[in-house]
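A.B. asks: If you scroll down you'll find the structure; I have some questions about it.
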Amino acid sequence: MIEVLAKLGRGPVFLAGEVLECVITFTNPLSVSSTSASSEMLAWASAQIHCQFHASENRVALPPSDGSKHDVQAENETVFVPNRGERGQCILSTPPKILFCDLRLDPGESKSYSYCETLPIDGPPSFRGQSVKYVYKLTIGCQRVNSPIKLLRVPFRVLVLHGLKDYQFPQDEAVAPSNPFLEEEEGLKKDSRLADLATELLMVATSRRSLHLYNISNTRGKVGTFCIFKTVYKIGEDVIGTFNFSEGDIPCLQFSVSLQTEESIQEEFQRRRGQPVSFTVHARHQESCLHTVQSSFSLPIPLSSTPGFTTNIVSLKWRLHFEFVTSGESAGTCLVRGSQSEAVTWTGVEQMEVDTFSWDLPIKVLPTNPILASYVSQFSSTNSITI
């Protein structure tokens, strides 16, 4: 028996273009007091990253793939197929890397191997929607002699930040600060610069503030105004907005604000023409506001959500969806006098005419630092299997 342990040192979330590093440890768990006959042998081990795409047959019409082949390999064949037995199509994969051949482990002995690979910068982000899914996995395959192949899958999340692909790192690094006592590989150095660049780009894009003021009105007149100071956010931030009903001609009885994503399939891949768009609500605020002069809301963008993106098949956009309930009568008739005595009690009317209308405000949601997103990831940094 051999235990295989794979650990992502920095966490299970990465930016496209970064270097994924995984330490894979093979251990013979038998005690050192066991005889030498208890040594274990592995013929080989290999690792590869792939992105699996799955689409709902009811919503997406995919063209037949010329290169698709059914998985007819027997389990005892020495063929490394990372996506063996998984649903969907493998739309992206890195070249497989051999970790070792003919490994012998004595009782209590363990050996570790480091796997490093740059994540393709032009791939889609990790996404689990109502119509499509993009799932990234690192698959480690190993095999005993004359035994079936065993696969250890390490799922992880990929965030895509547009603009990194076109950035050219300077060739002259003489002016860059460096430590002469440390040896740093060129790939890791570039990976560090890529993360710093992404952080800088996100900071610049989401820190710009300017007053956006919108008049809220229906066919009968003005209801109020809505104010928001920015429309570009990172996942993990709060969307904050304020209402002012003091200048409205029509009394607003209630409002609700929903933070939503809009998942739409590109027209050429739609199962039927004009099929509806899928919406997902991530946060919602509802408030009764009769005789309220000002009000506000704060909606958190979950760190586990997917920033907006577009591929050749699907598009994901973010928006704020507003719903207003207004009175069909004047503000004074919304209360009635309940007593003719000196102590006057005002109560709400039992019935009244109302009007409802909605409004959508598009916003832009970008990724965040992958280390921050790792804290709430559903994936584990450590995965293991026994063979």
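A.B. asks: Taking the Cβ of Leu62 as the center, what net charge do the other residues with Cβ under 12 Å away carry, scoring Lys and Arg +1 and Asp and Glu -1?
C.D. replies: After counting each charged neighbour, the total is 0.
A.B. asks: Please list, ordered by chain and number, the residues whose modelled amide H lies under 5 Å from the amide H of Val365; skip anything fewer than 5 residues away on the same chain.
C.D. replies: Result for Val365 returns Tyr233, Gly308, Trp318.
A.B. asks: Carbon and sulfur atoms: what percent of the 1.4 Å accessible area of the range 117-166 do they account for?
C.D. replies: 46 percent
A.B. asks: If we sort 3-13, 267-277 on the protection proxy, mean other Cβ atoms within 10 Å, highest first, what's the order?
C.D. replies: 3-13, 267-277
A.B. asks: May I pose another question? Using a 1.4 Å probe, what is the accessible area per residue for the range 214-296, in Å²?
C.D. replies: With all protein chains present, the range 214-296 gives 51 Å² per residue.
A.B. asks: Among 108-118, 308-318, what's the highest-first ranking by average C-beta atoms within 10 angstrom per residue?
C.D. replies: The packing order, highest mean first, is 308-318, 108-118.
A.B. asks: Give the calculated FRET efficiency between Met1 and Ser114 to the nearest 0.05, with a Förster radius of 22 Å applied to their Cβ-Cβ distance.
C.D. replies: For Met1 and Ser114, the calculated efficiency is 0.40.
The values are calculated or read from the model by the stated rules, or taken from the named source; none is laboratory data. Keep in mind that this is a model prediction, so the values were computed, not measured. Counting neighbours? That spans all protein chains shown, and the Cβs are built from the backbone with ideal geometry, glycine included. Remember, those area values only see protein heavy atoms, side chains included, never the ligands or the DNA or RNA. Shrake-Rupley method; radii C 1.70, N 1.55, O 1.52, S 1.80 Å.
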